[in-house]
Amino acid sequence: MPDTLNPTAGHVKLGSNSGQPMSRRDGIAKVTGAATYAADNRPDGLLYAVYAGAGIARGRVTSLNVGAAKAHPGVVEVMTPENRPPLALDPDEKHHFFAWRIEALQNDTVRYAGQPIAVVIAETLEAATEGARLLAPTYDEEPARIGFDGGEAYDPPTVGIGGNPTFEKGDAEAAEARSAKVVETKIATPMQYHNAMEPHAIVAQWDGDKLTIDTPNQAIVMARGGFAAYFGIPPENVTLRSPFLGGGFGSKAILVGPQLLCILAAKLTGRPVKLTLRRDQMYGPVQHRGATRQTVTLGTDGDNRLTMIKHHSVATTSSFDEFIEGAANASQNTYATPVLKSSHGAVRQDTGTPGPMRAPGEATGSAALEVAMDRMAEKAGMDPLEFRLLNYAETDPASGKEYSSKNLRECYAEGAKRFGWAGRPLAPGMMKDEHGRLKGWGMGTAMFPAPMFQAQARAVLKADGTAVLETAGADMGQGAWTALAQIAADGVGLPADKVEFLSGTSDQPDGGVAGGSGHTATAGSALFAAGSDAVAKLAEIAMKDPDSPVFGADNAGVEAREGRLVRLDDESRSDSYADILARAGLSEIEGNGTGARNPADAEARAMFSHGAVFAEVLIDPDLYQIRVSRLVGAFAAGRIINPKLAASQLNGGMIWGVGFALHEEGIHDPRTGRPVNGDLAGYHVPVNADVPCVETLLIDEEDHFVNALGVKGVGEMGISGTVGAIANAVWHATGKRVTSFPIHISALL
Amino acid sequence: MNIFDYVRPASVDEAVTAGAQPGAAFLAGGTNLMDLMKIGVAQPGTVVDITRLPGLDGIDTLPDGGWRIGALVRNSDLARDPDFAAACPAVAEALLSGASAQLRNAATVGGNLMQRTRCSYFQDPISACNRREPGSGCSALGGVTESHAVLGWTDQCIATHPSDFCVPLVALGARVEIAGPDGSREIALEDFLALPDDEGPGGAQLGAGELITALILPEGSSAFAANARYVKLRERTSYAFALVSAAAMLRIEGDTIAEARIALGGVAARPWRVAAAEAALAGKAADAGAFAEAADLLVAGATASGDNAHKIELARRIAVRALTLAAVGTPARMPALPASVFANGADAHA
Amino acid sequence: MTLSISLTVNGERRDVPLEDPRATLLDVLRERIGLTGTKKGCDRGQCGACTVLVDGRRINSCLALAVSHDGAEVTTIEGLAQGDELHPVQAAFVECDGFQCGYCTPGQIMSAVGLIAEGGADDPEHIREGMSGNICRCAAYPGITAAVQDAQKRMAAEERKSA
């Protein structure tokens, strides 16, 4: 891959550090237990808060035995709607496009099971936990409304975060009537819970009207503003520290009620308070992926080219707020078709409000689309890969725009080669392993937008030849501590070990949101720009300094290499950063940068990452237990900053696809609305033995439009494509088409 | 978790005395009791810590060829005891298919027999549950019932027994040795784990103060060593409770089955053993026809307790599978994925 | 016997006063001794994040009543490295990218040390099964399996050398 991208001031370039498969810079901290997550903080005088969750899904709390809780040894205070300190904002209002309606003991109403209804604060965790149990609430209960037949159906005004619920290009009904073949596919997907290994946690301390909070957060500076607004204090009065997130997957991007409750408890008691959710409390107030019921209708002409894609999805949301899984929109950008229609409906139920969960919309929608494509390939008598290649989108089907880059063709080719796809029998039920197990191969196309948000960064070159770069980035496991540092080091033309990278607290420049798979692109661009700004200032000084070996190089230019500015017209002449600063009598020089997309490029091009996922399943011929014996994914996502970490992200995404396809299902009892499997024994996610063989191929892709770095994202794409690939492999093994996820043994029997 | 008194008796007699106090509970590995205490299902007034009682950690062969296994033997130690695993391979395989390595390192033999159901309504103190609170009803009826019983259930309780270990034990006719205020007694494990009836939910037959001291595998338990398997169907490859499971043990002489043992797990409030099914196998050739007949007898009378009728067919099939694998022979080495339908050849692609 | 307990944690004796007997070993390590490397993921033996070695065996510290383990030898993630020199399992996890967010990692590593000591890490399938009591939601399983295999080989080679 060429490394000649040369943004902004023109003295630095990517390549010395970026692109290297460096091990994680936070690795040693993480393998020695030194990495501190929010709940690891133990300030002096710490109290523990545990909230009681509602045992009903709808109604009112009629009594709480506060006396019993307070009488328990060690309990310091019980916070209920009656004594909860005031908030400056109404938690039932939406204050921001990225804010949810939340529960902060504003009244006695219960709108989902597990909703916080009181907080017990105690000297020990044990006392707080038991105190919360002793509250023994009573209720005025109304019938729970759970599932698609439970609550009110309506047309949502938006899907995802501000997305359009409907899209139409051409006349779908007319196209359907004209099509030579039409296949309608119905797919149901369940509620899914993020279940980051680190439960949501917060430690809050007040000092007058200054607030310090340790809490994992995917959008640190935005969150600081959100917390400040709730307490009527300026954002700069809030310090939010989130150096490590124990997984986020979307659930730690949005302010949630329990965080406010901890801050309120600290206010009420005048002492630092820690509140950590129990695992069972992760199935209520901290979002989930809504269930969907989808219908995908595909039409083809006599040559098996798509004539239309029609995708309708109905998703569940809560009774009091909405986040609609934008599943149908996933069909807009994948396959070439003259006619497209996507639309959404919604159903309210008595659960917590859903939120973005890794690949929101893309994961669910691609699952349905890829099964639909497989069925159409079957109907056409074509190999599924050949059918997809026949319908390859050279331009974005929805907008008609050119892609900023798209190397999906090579993903298909390389993935298929590595997997050994050639020679796959067309008909199902033809393959067995040496033990007589049914074997099936399936594939799917992975796709995810390559967005950019806004971020700022600062770079400081120091007299000792090192640099400090900072942005309030978030590392939830994707590798920000490492990948952003690699970009930062290139930005200042230094080896990574000469660069201190600071991130993860709210007093740094806004690193934007670690979400939408856009963090590396956005915060990375800001860091690179900040570094090159500092280097440009340094070059300006040096080139005007008659004592500098690069004096007068203005026209020819200089380039930053390993802490030196080198004259491009005479590489024997160079000057070190340290010398330049020393002669100028400066101890340091600062640069600033912003990461954001060029609006003209954003308007002109369609920007997506792509991939091809190939799955092999083995299925017991009598008992139908399924194992995904192989997954090969080939992905093209622009410039890869760290192939080692990118492969881990993509592997992890594909394994999320395994969980989606085979395991994950949040079940609420329709009679009570309470979770039936709200723990990690009941809510299955994949374990090590579920994934014997997963492999990621990174396909080269040069992109001159997404941003100056050429970076797209890899965090979420791995799920998309994989779910469908597994479902299609199950069909190929058994002849049975999947109509709902997860694929249960009972469905194959 | 409530505040409790904590006592650590020095002898079985002291433990029995302490355990006889109202509200007392014995603590061994803690993998189930601690969990139930955390979710408010168990609220003992006194925790009687028996982990240091002497003499309860032996794995001994008896003069008649049976085994006596101390109640405090850890699951992993029993499974890894080379003599025991060679003699009773299906028991070892069942043990190693249960829970996780960490839990097996803590959980004890006695505790496993006392393991409470994983029925989510039992585990949720707000729900009605006759097993947790006699007379309160059964919220599982009409609820989410994938993991529930298809055999031996009544409207009192439709829960299943979650143990893997107990399945081959019941098949082998294991007995439970119990110390109590009135001396010691022995009871067949199958009788110890009482099924629900029209009056109540059944459950472990242990009186106040009674303490499991040992598990006895009767004479002849080792006779099946060459043809013994445990097979467990799961919705996740590992670290999951059985949807259904089966332990099958055969004593094959020449071309015929001299003696057969088979029990099902995940289908009832105790491992399910049917004498007629075993009798039907005796004297037959170890073939598909015989296995199918036995499996039919094993699930005879099964009825869905909810949306779980598919488990009846799965139970029948897993019985056939376990018998088939047992007839093939006990593997020379414990499979990498014990009891899994993917136990062999899973790395074929690697 | 008093409620105050004494543990040897990472070779160091720790006397821990307890006001009542219900604290778990996990909460004692984290909230009272201040060794927060050991993590709480589920608190119910369903995830493995809290895995420590007690008297050399890997267990879930969340289900261990601390007072019942009075006098025990406990090894936590903080006790593995010798000064700046990482334990081979730690080094292999870094090298093989056996983690992402890092939250389950202390439990994974302690579990791997336990597995290797049990002799159960001799091929990938045994490692996968033996490590299945440690859930990684980031799903770093390919790296974890590679790391355990790597470390096992390295440790076996070391042992042969010193033998």
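Assorted remarks:
- Filter pass, A:P7 being surrounded by fewer than 20 Cβ atoms within 10 Å (Cβ to Cβ), modelled with pLDDT of 95 or more and not polar (S, T, N, Q): no
- Residue in segment A:284-294 that is more than 24 Å from A:P43 (Cβ to Cβ), crowded, with 20+ Cβ neighbours inside 10 Å and more than 22 Å from the chain's Cα centre (by Cα) present: yes
- Just so you know, in segment A:440-477 the residues that are under 20 Å from A:G657 (Cα atoms) and open to solvent by 20 Å² or more (accessible area, probe 1.4 Å) include one that is nearest to the other protein chains (Cβ to nearest Cβ), and it is A:M476.
- Restricting A:V738, A:V676, A:V714 to those that are open to solvent by 10 Å² or more (accessible area, probe 1.4 Å), among the aliphatic types (A, V, I, L, M) and touching a Leu at 6+ places or on another chain (Cβ under 8 Å) reduces the list to A:V714.
- Complete set of residues in segment A:630-657 that are assigned to a strand (DSSP E or B) and surrounded by fewer than 24 Cβ atoms within 10 Å (Cβ to Cβ): A:R630
- The condition (being under 17 Å from A:Y51 (Cβ atoms) and within 14 Å of another protein chain (Cβ to nearest Cβ)) is satisfied by just one residue among A:A118, A:A127, A:A104: A:A127.
- A:L618 being buried (at least 16 other Cβ atoms within 10 Å of the Cβ) and closer than 30 Å to A:P21 by Cα: no
- Test: residue in segment C:30-41 that is under 18 Å from B:Q102 (Cα atoms), open to solvent by 10 Å² or more (accessible area, probe 1.4 Å) and outside the structural domain of C:G130 (by TED's automatic domain parsing): yes
- Positions within segment B:128-151 being within 12 Å of chain A (Cβ to nearest Cβ) and either open to solvent by 10 Å² or more (accessible area, probe 1.4 Å) or at pLDDT below 95 (or both), in sequence order: B:A128, B:S139, B:L141, B:G142, B:G143, B:V144, B:E146, B:S147
- Residue in segment C:134-157 that is open to solvent by 20 Å² or more (accessible area, probe 1.4 Å), basic (K, R) and not assigned by TED's automatic domain parsing to the domain that holds C:T36 present: yes
- Matching strands (runs of 3 or more DSSP E) fully within segment A:45-122 where at least 2 residues are closer than 18 Å to A:K267 by Cα: A:47-53, A:75-79, A:116-122
- Residue selected from segment A:661-700 under the condition of a type in the set (G, A, S) and in a loop (DSSP other than H, G, I, E, B), by the criterion nearest to the other protein chains (Cβ to nearest Cβ): A:A681
- Test for B:A269: is it within 14 Å of another protein chain (Cβ to nearest Cβ) and either under 19 Å from B:R229 (Cβ atoms) or buried (at least 24 other Cβ atoms within 10 Å of the Cβ) (or both): no
- Of the helices (runs of 4 or more DSSP H) that lie entirely inside segment C:33-135, those containing 1 or more residues that are among the aromatic types (F, W, Y) and under 14 Å from the mean Cα position of the chain (by Cα) span C:88-95.
- Filtered by the rule that a residue be among the aliphatic types (A, V, I, L, M) and more than 8 Å from every other protein chain (Cβ to nearest Cβ), segment C:27-45 gives C:V28, C:L29, C:I33.
- Only strands (runs of 3 or more DSSP E) whose full extent lies in segment B:18-108 are considered here, and the ones with at least 1 residues that are of a type outside the set (D, E) and either in contact with a Pro (Cβ under 6 Å, 6 or more places away or on another chain) or facing another protein chain (nearest Cβ under 10 Å) (or both) are B:24-27, B:46-49.
- Selection within segment A:105-129 - open to solvent by 10 Å² or more (accessible area, probe 1.4 Å) and either basic (K, R) or free of Cβ contacts under 8 Å to residues at least 60 places away in the same chain (or both): A:Q106, A:N107, A:D108, A:T109, A:R111, A:E126
- Listed by first and then second residue, the pairs with beta-carbon distance under 6 Å, at least 6 apart or on different chains, first residue in segment C:14-26 and over 8 Å from C:A66 (Cα atoms) and more than 7 Å from chain B (Cβ to nearest Cβ), second open to solvent by less than 10 Å² (accessible area, probe 1.4 Å) and of a type in the set (A, V, I, L, M), are C:R14/C:L7; C:V16/C:I5; C:V16/C:V28.
- Test for A:F608: is it open to solvent by 10 Å² or more (accessible area, probe 1.4 Å), in contact with a strand residue (DSSP E or B) (Cβ under 7 Å, 6 or more places away or on another chain) and among the aromatic types (F, W, Y): yes
- The set of residues in segment A:486-517 being open to solvent by less than 20 Å² (accessible area, probe 1.4 Å) and in a helix (DSSP H, G or I) consists of A:Q486, A:I487, A:A488, A:A489, A:D490, A:G491, A:A496.
- When residues of segment B:155-206 are limited to those that are open to solvent by less than 30 Å² (accessible area, probe 1.4 Å) and of a type in the set (S, T, N, Q), the one nearest to B:M114 (Cα to Cα): B:S163
- The set of residues in segment A:520-535 being in contact with a Leu (Cβ under 9 Å, 6 or more places away or on another chain) and either open to solvent by 10 Å² or more (accessible area, probe 1.4 Å) or in the same structural domain as A:R358 (by TED's automatic domain parsing) (or both) consists of A:T520, A:S525.
- Residue list for segment A:59-81, restricted to those being among the charged types (D, E, K, R) and either in contact with a Ser or Thr (Cβ under 9 Å, 6 or more places away or on another chain) or under 11 Å from A:I117 (Cα atoms) (or both): A:R60, A:E77
- The strands (runs of 3 or more DSSP E) located wholly in segment A:539-621 that include 3 or more residues which are farther than 23 Å from A:P495 by Cβ occupy A:608-619.
- Number of residues in segment A:34-60 that are over 30 Å from A:G284 (Cβ atoms) and either within 8 Å of chain C (Cβ to nearest Cβ) or surrounded by 24 or more Cβ atoms within 10 Å (Cβ to Cβ) (or both) equals 1.
- Residue tally, condition of a type in the set (S, T, Y), more than 13 Å from A:S609 (Cα to Cα) and in contact with a helix residue (DSSP H, G or I) (Cβ under 7 Å, 6 or more places away or on another chain), over segment A:704-739: 2
- For A:A480, the stated conditions hold: it is outside the structural domain of A:P356 (by TED's automatic domain parsing), within 29 Å of the chain's Cα centre (by Cα), open to solvent by less than 20 Å² (accessible area, probe 1.4 Å) and over 16 Å from A:A596 (Cβ atoms).
The values are calculated or read from the model by the stated rules, or taken from the named source; none is laboratory data. Since the model is a prediction, treat every value here as computed from it, not as a measurement. When we count neighbours, we look across all protein chains shown, and the Cβ atoms used for this are built from the backbone with ideal geometry, even at glycine. Just so you know, the surface numbers come from the protein's heavy atoms only, side chains and all, with ligands and any DNA or RNA stripped out. Shrake-Rupley method; radii C 1.70, N 1.55, O 1.52, S 1.80 Å.
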